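These notes concern the structure reproduced below.
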Amino acid sequence: MPVIVVVGGQWGDEGKGRVVDLLAQKAHLVARYSAANNAGHTVVNELGEFKLHLVPAGIFYPDKVCLIGNGVVIDPAVLLGEIEDLESRGVSVRGRLFLSDRAQVLMPWHPLIDQADEELRGKGAIGTTGRGVGPAFTDKVSRAGVRIADLLDKESLLQQLSFLVPYKNAVLEKLYGVKPLALDRVHAEYTDFGSRLAPFVTDTAELVEEAMARGDTVLLEGAQGALLDLDAGTYEYVTSSVPSSLAGGAAIGMGIGPTKIDFVLGVYKAYNTRVGNGPMPTELLDETGDLLREGGPRPEYGATTGRPRRCGWFDAVAARYTARINGVTAIALTRLDVLDQLPTLKICTAYRLDGGMTDSLPASGAALARAKPVYEELPGWQKDTSGVRRFQDLPENARAYVRRIEETMGAPAHLLSVGPEREQAIPIKPIL
Ligand code: IMP
């Protein structure tokens, strides 16, 4: 039975949660392996609409085990809030939701530093989610982080905080002019978090190992998208996850060997979106962009911050690049129905840059900002696809659009989605 990694191939919000929710039906274990509550998955099912920031999307199936791996940064207040919300709406998580004792903890200074840092950057602000994720990963790497295991040991937590709180207070006060935090209050609050989270804490890598040994199907769910990756993305307008949310990060973020991964499903929207700042060559600042944002059953606003998403045509240059660096086995193409009304569609197959042409994604953000998309035009279908369930029943032009995306990316489409409901999906080839 396979280990499948589900990754985003664009700037996040590709619909990974929706795809994981669908695949989870046939999986035994679903896990998050990177990022933090900057990620937001919207899942719509018979219980209503849920926005999950930390809990894996598989939680809605009562027989699935869900893990939050060591690569994730956990804001205890957010996780406890999600657990409470799920339980109060009839989704029981006890005994099947576990978090890694090695995962990092988001501390109260992280959002303060994130927001103050963005202000300091002024016009060059990253446009972060403001949740403190960048500073939390920075602290992880600079060995000034607190891990979940530390929350369970009151005495050693006090020792850690006795160094960290004055250290972070100096940064807050002297660099940013922000009010300091009180050591005793932080200690009391995070000890309390520790005792409330304790029933969920374990060595999640061992659970994955045992599941694989049993031959269970394991779904590893990435966050954000490859173009937001710290190494591969449009630096410095990226997120800070270490390990990365790329497929390669799944092994590290779960504590399993890379040879265990059997299948990488790259999730791509049928067009492009981005929240936050940074270059986006195919962005549309016209009424077509507005139509992409507002035209679908679920308008394009960030699940975490509610910010309007920047919308544009499908960028096949970027998509081919992210398929390659993720080692994508197959793609899931989401929100095809959003294109239903358009008379003509465009796919960007190259960039015009500094007097030449390229079909590679430039490493330099300044160069990418100068890049002008070269488009291929395809006829639209102008028919409602939201009720289609088989590939052969799609309008011919919709099939041609999907086939062209496959060709430009060099990866086969195994799944399409044509609406937010679980059944609004078109399987092309089996994934599980
Ligand atoms: P941070 O992760 O909050 O530091 O934000 C860095 C960049 O990543 C910003 O452009 C955010 O808008 C973007 N970002 C972070 N998480 C997500 C996500 O889940 N979906 C889309 N964009 C995201």
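Per-structure values
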| quantity | calculated |
| --- | --- |
| Interchain or long-range residues, amide H under 5 Å from Gly380's placed H | Thr344, Leu345 |
| Bins of 5 Å, starting at 0 and running to the largest distance - Cα pair percent for segment 292-372 | 3, 11, 18, 19, 18, 20, 9, 1, 0 |
| Computed magnitude of the charge dipole of segment 279-404 (debye, nearest 20; Cβ of K, R +1, Cβ of D, E -1) | 420 |
| Mean accessible surface per residue for segment 248-342, computed with a 1.4 Å probe while every protein chain stays in place, in Å² | 32 |
| Angle in degrees between helix 183-197 and the longest Cα principal axis of the chain, rounded to the nearest 10 | 60 |
| Residue-by-residue Karplus 3J(HN,Hα) for segment 14-19, coefficients 6.51, -1.76, 1.60, Hz, glycine and proline x | 6, x, 4, x, 5, 5 |
| Label-point separation, Leu120 to Ala198 (7 Å along Cα→Cβ), nm | 3.8 |
| Environment charge at His110 (Cβ cut-off 13 Å; Lys +1, Arg +1, Asp -1, Glu -1) | -2 |
| Length-normalised contact order of segment 209-347 in % [C-alpha pairs under 8 Å, at least 6 apart] | 25 |
| Relative contact order [Cα under 8 Å, 6+ residues apart], segment 50-96, whole percent | 41 |
| Cα-based shape type of segment 362-432, given that a ≥ b ≥ c are square roots of the gyration tensor eigenvalues and the cut on a/c is 1.5 | prolate |
| FRET efficiency, Glu155 to Val78 (Cβ-Cβ, R0 22 Å, nearest 0.05) | 0.25 |
| Choice from Pro62, Pro395, Pro308 with maximal GNM fluctuation in the chain (Cα, 10 Å cutoff) | Pro62 |
| Rounded tilt (10° steps) of 396-409 against the dominant C-alpha axis of the chain | 60 |
| Candidate residues Asp75, Asp286: accessible-area rank, largest first, probe 1.4 Å | Asp286, Asp75 |
| Quotient of C-alpha Rg and 2.2 N^0.38 Å, computed over segment 169-247 | 1.66 |
| Inter-label distance for Ser364 and Lys174, nm, one decimal - labels placed 7 Å from Cα along Cα-to-Cβ | 3.7 |
| Placed amide H near Gly302: partners under 5 Å, 5+ positions off or other chain | Arg307, Arg309 |
| Rg to Rh quotient for the chain, alpha carbon positions, Kirkwood Rh | 0.97 |
| Cα-derived Rg to Rh of segment 207-339, Kirkwood definition | 1.01 |
| Cleavage-rule hits, GluC sites (Glu not before Pro), segment 175-253, DSSP coil, Cβ neighbours within 10 Å at most 13 | Glu236 |
| Segment 240-298-segment 10-81 distance, computed between alpha-carbon centres (Å) | 15 |
| Cβ crowding within 10 Å averaged over residues, with 32-42, 124-134 ranked highest first | 32-42, 124-134 |
| Summed side-chain charge close to Tyr321 - residues other than Tyr321 whose Cβ falls under 13 Å, Lys, Arg +1, Asp, Glu -1 | -2 |
| Of Lys16/Lys51; Lys140/Lys269; Lys123/Lys168; Lys51/Lys168; Lys346/Lys372; Lys51/Lys346, pairs whose Cα-Cα distance is over 23 Å | Lys140/Lys269; Lys123/Lys168; Lys51/Lys168; Lys51/Lys346 |
| Protection-proxy order for peptides 2-15, 135-148, 314-327, each taking the mean of Cβ atoms within 10 Å per residue, highest first | 2-15, 314-327, 135-148 |
| Enclosed volume per residue, in Å³, of the convex hull spanned by Cα atoms of segment 41-159 | 123 |
| Among Val165, Val65, Val30: highest mean-square fluctuation, GNM of the chain, C-alpha pairs under 10 Å | Val165 |
| Helix 204-214 axis, angle to the chain major axis (alpha carbon atoms, nearest 10°) | 50 |
| Gaussian network model of the chain, Cα within-10 Å springs - most flexible of Ala369, Ala411, Ala57 | Ala369 |
| Counted charge near Val65, where neighbours are those whose Cβ lies closer than 9 Å (Asp, Glu -1; Lys, Arg +1) | 0 |
| Amide H contacts of Leu97 (H built 1.01 Å from N, under 5 Å, at least 5 apart or other chain) | Cys66 |
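The values are calculated or read from the model by the stated rules, or taken from the named source; none is laboratory data. The structure displayed is predicted, hence computed values, not measured ones. When we count neighbours, we look across all protein chains shown, and the Cβ atoms used for this are built from the backbone with ideal geometry, even at glycine. Heavy atoms of the whole protein, side chains included, go into the accessibility calculation; ligands, DNA and RNA do not. Shrake-Rupley method; radii C 1.70, N 1.55, O 1.52, S 1.80 Å.
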